[in-house]
1. What is the number of the single condition among (1) within 26 Å of GLY78 (Cβ to Cβ); (2) among the hydrophobic types (A, V, I, L, M, F, W, C); (3) at pLDDT 50 or above; (4) open to solvent by 60 Å² or more (accessible area, probe 1.4 Å) that PHE189 does not meet?
2. Within the range 60-84, restricting attention to residues that are touching a residue at least 60 places away in the same chain (Cβ under 8 Å) and among the small types (Gly, Ala, Ser), which residue is nearest to GLN160 (Cα to Cα)?
3. Against the definition (out of contact with any Ser or Thr (no Cβ under 9 Å at 6 or more places or on another chain), assigned to a helix (DSSP H, G or I) and either assigned by the TED database to the domain that holds ALA291 or modelled with pLDDT under 85 (or both)), how does GLU546 come out, yes or no?
4. Every residue in the range 524-541 that is open to solvent by 40 Å² or more (accessible area, probe 1.4 Å) and either among the aliphatic types (A, V, I, L, M) or over 17 Å from ILE428 (Cα atoms) (or both), please.
5. Given the condition of a type in the set (Gly, Ala, Ser) and over 14 Å from GLU243 (Cα atoms), answer yes or no: does some residue in the range 320-334 qualify?
6. Taking the criterion of being open to solvent by less than 30 Å² (accessible area, probe 1.4 Å) and modelled with pLDDT under 75, would at least one residue in the range 74-91 satisfy it?
7. Out of the residues in the range 488-522 that are of a type in the set (Gly, Ala, Ser) and open to solvent by 40 Å² or more (accessible area, probe 1.4 Å), which is modelled with the lowest pLDDT?
Amino acid sequence: MQIVEDLHVARLEKRMALSVIQTCGELTSMEIDLPEQDLNISAETSTSGLNILVVIDTNIMISHLEFVRSLKSEDIPGVGRLALIIPWVVLQELDNLKKGKMLEHVRDKAIPAVQFIYMCLKNQDSKLWGQSMQLASQKIYGLSDENNDDRVLQCCLQYQNLFPQAVVVLCTDDKNLCNKAIVSEVKAFCKADLVSALQNLNTNRQQNCVDLQQSKCDTAFQKREGGDANLTARFPNILPDLEKNLGEALSCILETEMKIAFGNLWMEILYLKPPWTLASLLQCYKKHWVAVFGYVVPRSLLATVEYLYKHLCTAQTVDSSTVGILLQESKKLLHAFSSRSDYNGVLPQAYAEVTRLHQTLTEVKSDSGQDLSEDTMVLSESAVCERMEAMTPNLQNCEEKLRSSTHVAQENRHQEIWSVLEGVWNTINLYSAEIFQKLDPNTGTVTAKSSFEEAFLGLQKLIAAVNDILEGIRRILTPSSTFQDIWTLYNFLISNEINNSIQFTAEELYECVSQEIYRERLAVGCCQLAQLEHTIKQCSVSVHMEAKNRGWL
């Protein structure tokens with residue numbers, strides 16, 4: 001962990017900041033830039049079977065090289081084909097670390113890491129890729145080149161864009177970087193948790209279920225092709241009108257909710273910048289669903305967003321039955337947001353227009369004698385399995401797959417919540433170290449009144465914060481604890497200045513810490529906090545007399 005902390009501090013102090021185009025050793029001197037025809041490589045992946053990309057941070061290459069070797073060479077049970085991604089900034093840092101310029105004690109660990117990557121890239125190993133200088137130079141996500149953490153995140157986001165059907169995972173032992181990644185909607189895990197997290201992803205299950213459902217839907221819809229020509233002739237503008245009204249409402253909602261969530265930074269964080277098309281709007285909703293919209297409306301509505309995107313924003317032919325479902329799903333999505341706000345009157349108007357379109361469609365189809373029973377179907381979390389089970393007896397295990405998928409999503413949510421708790425612990429550790437240094441009489445800072453007074457007041461805040469957290473954790477860990485016992489810790493998290501990015505409910509926190517694995521981790525954290533509390537009290541006693549002499553007590 002000392003190496004991780006040293007690398008983190010070096011990044012913070014910008015001792016490891018380099019220009020993107022700067023080459024400084026074996027790795028960055030290699031010709032790994034992608035040729036022009038390979039830049040758009042996402043299309044090839046549909047037949048490649050690749051479904052997981054693991055982005056490796058510098059601290060993992062330094063501290064856990066053998067683990068990286070095993071990831072590359074060995075198959076993980078339950079995990080599909082994966083590839084390791086080494087960001088350009090990591091190549092730069094390793095080259096410099098090998099020379100002993102920044103952290104001399106890391107040099108001996110950097111040399112074998114450089115050699116390992118060099119041989120993989122030289123031999124064009126299909127399971128280890130290097131981000132090219134060409135890709136690293138593209139500033140398309142509003143992240144600063146001067147911040148190496150952000151450059152690692154930019155690499156993750158770029159590969160998410162290049163490989164939309166694959167899961168991109170960041171592996172780093174830097175908890176602060178993990179927090180940044182999760183806020184940026186990038187899955188991030190430390191080395192200890194990575195393998196189990198990869199096994200839980202099950203990336204293919206839900207997609208297979210959806211594909212089967214769509215195949216059955218298409219078969220059923222083909223029976224109505226005769227009536228579709230009549231519908232198109234009598235009401236040709238139904239889809240353009242739907243897209244217009246839906247786009248106007250979703251653009252207003254997107255801008256409003258992003259501003260609420262991120263303030264003045266919303267444009268920098270936004271996945272796709274305006275002006276928007278309906279396709280880009282729905283892509284933004286999918287991208288920011290976990291961090292923003294899933295807290296405003298039911299999370300299950302992500303299936304509605306994906307359905308709208310699939311049928312309104314691709315080249316697929318849409319028949320009358322699909323149009324009916326699209327109108328129903330649009331109404332459901334707009335109605336869900338209406339409980340939040342009317343968005344300056346835009347939402348009620350759009351909802352009324354979509355309702356009118358749906359009524360008109362119903363009248364036209366009724367006149368043409370078409371069966372309307374299918375069109376009243378509204379997508380839900382279980383609709384996929386319900387329809388498939390009615391058509392195919394062999395798909396009775398779909399419900400079990402969905403339960404498994406739900407469990408995976410829940411576990412990922414627990415990991416996100418736990419990463420926030422770890423972030424609070426790291427913040428307290430850094431803050432306490434800074435306070436102790438300022439109050440150490442051997443540093444000479446006690447002679448400076450302003451510095452001592454600032455540190456003394458900071459010590460009092462630190463004591464109060466640690467006491468609150470300890471009380472909250474001890475309440476949770478009592479054998480007879482209930483949901484009411486979560487509020488002490490939760491109220492501290494949402495109100496204290498230590499962390500202002502809490503985006504989970506008290507119910508979710510309780511659900512997380514009720515799991516045995518997280519209760520065990522919480523017990524360890526409680527012991528560590530108790531030790532820190534003891535150290536803080538000793539420090540307080542040692543400076544108490546000085547504070548009294550200065551008239552502060």
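The values are calculated or read from the model by the stated rules, or taken from the named source; none is laboratory data. The model shown is predicted, which means the values in this text are computed figures rather than measured ones. Virtual Cβ from ideal backbone geometry, glycine too; neighbours counted across all protein chains shown. Surface areas here come from the heavy atoms of the whole protein model, side chains and all, with no ligands, DNA or RNA. Shrake-Rupley method; radii C 1.70, N 1.55, O 1.52, S 1.80 Å.
1. Single failed check for PHE189: (4).
2. Per the stated criteria, the residue is GLY80.
3. Against the criterion (out of contact with any Ser or Thr (no Cβ under 9 Å at 6 or more places or on another chain), assigned to a helix (DSSP H, G or I) and either assigned by the TED database to the domain that holds ALA291 or modelled with pLDDT under 85 (or both)), GLU546 qualifies.
4. Matches in the range 524-541: VAL524, VAL541.
5. Yes, because at least one residue in the range 320-334 is of a type in the set (Gly, Ala, Ser) and over 14 Å from GLU243 (Cα atoms).
6. The answer is no; no qualifying residue exists.
7. SER501
Let's see how each residue does on (1) modelled with pLDDT of 85 or more; (2) open to solvent by 10 Å² or more (accessible area, probe 1.4 Å):
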| position | (1), (2) |
| --- | --- |
| LEU170 | yes, no |
| LYS175 | yes, yes |
| ALA181 | yes, no |
| ASN204 | no, yes |
